[in-house]
1. Identify, by number, the condition in (1) part of a loop (DSSP other than H, G, I, E, B); (2) surrounded by 14 or more Cβ atoms within 10 Å (Cβ to Cβ) that residue 68 doesn't meet.
2. For the stretch 632-723, please list each of the strands (runs of 3 or more DSSP E) lying entirely inside it that holds at least 1 residues being over 19 Å from residue 740 (Cα atoms).
3. Taking residue 246 as the residue in question, decide whether it is surrounded by 22 or more Cβ atoms within 10 Å (Cβ to Cβ) and not in a strand (DSSP E or B).
4. Just checking, does the stretch 342-365 include any residue being surrounded by fewer than 19 Cβ atoms within 10 Å (Cβ to Cβ) and in contact with a strand residue (DSSP E or B) (Cβ under 8 Å, 6 or more places away or on another chain)?
5. Could you check how many residues of the stretch 296-330 are more than 14 Å from residue 277 (Cα to Cα) and in a loop (DSSP other than H, G, I, E, B)?
6. Given the conditions (1) modelled with pLDDT of 95 or more; (2) touching a strand residue (DSSP E or B) at 6+ places or on another chain (Cβ under 8 Å); (3) surrounded by 13 or more Cβ atoms within 10 Å (Cβ to Cβ), and given that residue 741 satisfies all but one, which numbered condition is not satisfied?
7. Go through 601, 567, 664, 611 for me and flag whichever is out of contact with any strand residue (DSSP E or B) (no Cβ under 6 Å at 6 or more places or on another chain), over 18 Å from residue 698 (Cα atoms) and surrounded by fewer than 23 Cβ atoms within 10 Å (Cβ to Cβ).
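The values are calculated or read from the model by the stated rules, or taken from the named source; none is laboratory data. Treat the numbers as computed from the prediction; the structure is a model and nothing was measured. Virtual Cβ from ideal backbone geometry, glycine too; neighbours counted across all protein chains shown.
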């Protein structure tokens, strides 16, 4: 069939069909769980040495097997852990009555295949429960990406300060040009210090340069130290588990927090999956992370999230990867960074269970900048989605690590971050920034809004930083000399923290008063309903307060901005016997507290059109305010019973309108405009015309409500609640209708 039917042509145009979906293929590693190539769990120990692990004898071990066997399994726990039934262990992960410490203890004695097989049993809802209980740190948090296409130092600093204002506790940057990295690290560090104390900063680049920046104090943590689940991919990357362990030790020796990065689908993407499932290979990576002494793991697909998401159960396996990290007693930075799908529904579906459960870092890189400026590639969540994410937190009462930022405060922070960066770069002889560039960076939503940026500036600044050996102490001195004492002290506090070493504890972050929250100081104590982390009343209020919320008083104030004096009271309203008379009944708050309808027209403008339509049909319109009801049907019926023609129009101040006749019941009507936000002048004019035709005894063609595919209800229902509340304040039983006069429009 060459000609496709319309329904399927329409479906093909939806964004989900921009995604790639793969047929499961075990040979290519395109299988989430249970590949025929996955080994059976086993562990044989002789004289304290592992001689068989996961159905492979020691003589056949590859590099990963050997390192995990020698350093990654607690052999004292192993006999008990390997003997436990998979179903029993999976149940223990979910059961709130079993302490987290107990399941972590057992997991420490499990081989990768054993842990993978047991966790593969967990269903999605069970993964949520297990993650709620098993994450290391009690208090959830979030990490931001702060990058741009230009490596613009001023914009980086302003955006880092903005990320802090929104509540992110880690900020990660990277570069489109590798040599720019030292400049980016300094700019983001300055901006972070402007925004908040204790904000951890990383610049993700090639490992040697990243380590060098760490040694100079230009960054405070590292993350992009990649692990893979097969030997060949390690070799292709000129690495071994031993080299990664050495790098881990190098960071720890300088007091720098470090976690590794892995994720299901990477081996399939790189053509080295060895016929194993994504979940099993990731189990090897996580076991290796524990063995090399890393503080935590960034996983859950990461750059290969779309590969994992292309196969059945792949999204579930990415969440299970994160749980596996928690069970190895490591910090879990749960992916949700690389864009898995172009479908907003699938993107939300992938993140939402993790968001509900809470993790050490909900996102290992929420793009706090726009998609086009994210040099890691578009994140699962970007600046375009911040309002959505904040609303999700509010919807569920969940702490996702973010908060609503005050616009005036963000403007102040951006201005100070740009000024501090400008002055530090000038003091260190790195660059001068024209006033126009500074102004653009302060106001910019993204790098496209900074046309004055010079792409050579960060490159030359970075070269000077490396050649002259600039360290964070030099940056701190420059800040202090330029009058930024607070920012200097905040960056100095981060260097002190490296010496103290407390933030090398698992899952460590700093609060804004520089307290360390970690597995040690803030352990997850979930033990069933009513236990574990719950936001403080202050934090809950912060979650609940978003910038779009409006109270009744807010609505009343906004209505006051449209106040009009065109409507005035002429006296009590009487019935008429004039057959041309059509009464327009309006609601109690009309012209008193409500002056604008939901479609944006003023009430005066809607009345102008109704009166003009009646006049076109040779009828006389009369405005009467009905004071004892806000029900539209009763307003319209009361108007009809007072009119000489027996036809009345009911108009609520919010814009909903109908045509009524005196002999109908209140809920019946001749014509109804129920969707007030979609109306316009022409619609009200036509209602006036049709009311006039009814008055003359003719049968007009009813106006059909103009419908839209937009969520009219979601947008306007809360406004309706407020406007109805205002109306009720003016509704008084027994108060007679009154005649209103509408003066000519000025």
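1. Going through (1) part of a loop (DSSP other than H, G, I, E, B); (2) surrounded by 14 or more Cβ atoms within 10 Å (Cβ to Cβ) one by one, residue 68 breaks only (1).
2. Details: elements: 647-651, 657-661, 671-673.
Because the criterion is at least 1 residues that are over 19 Å from residue 740 (Cα atoms), the strands (runs of 3 or more DSSP E) in the stretch 632-723 that meet it are 657-661, 671-673.
3. Values: surrounded by 22 or more Cβ atoms within 10 Å (Cβ to Cβ): no; not in a strand (DSSP E or B): yes.
No: the conditions fail for residue 246.
4. no
5. Residues meeting the conditions: 5.
6. Going through (1) modelled with pLDDT of 95 or more; (2) touching a strand residue (DSSP E or B) at 6+ places or on another chain (Cβ under 8 Å); (3) surrounded by 13 or more Cβ atoms within 10 Å (Cβ to Cβ) one by one, residue 741 breaks only (3).
7. Working: 567 fails: out of contact with any strand residue (DSSP E or B) (no Cβ under 6 Å at 6 or more places or on another chain); 664 fails: over 18 Å from residue 698 (Cα atoms); 611 fails: out of contact with any strand residue (DSSP E or B) (no Cβ under 6 Å at 6 or more places or on another chain).
Among 601, 567, 664, 611, only 601 is out of contact with any strand residue (DSSP E or B) (no Cβ under 6 Å at 6 or more places or on another chain), over 18 Å from residue 698 (Cα atoms) and surrounded by fewer than 23 Cβ atoms within 10 Å (Cβ to Cβ).
Rundown of residues vs (1) more than 38 Å from the chain's Cα centre (by Cα); (2) assigned to a helix (DSSP H, G or I); (3) outside the structural domain of residue 41 (by TED's automatic domain parsing); (4) free of Cβ contacts under 8 Å to residues at least 12 places away in the same chain, yes/no style:
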residue: 76; (1), (2), (3), (4): yes, no, no, no
residue: 90; (1), (2), (3), (4): no, yes, no, no
residue: 102; (1), (2), (3), (4): no, yes, no, yes
residue: 105; (1), (2), (3), (4): no, yes, no, no
residue: 113; (1), (2), (3), (4): no, yes, no, no
residue: 116; (1), (2), (3), (4): no, yes, no, no
residue: 121; (1), (2), (3), (4): no, no, no, no
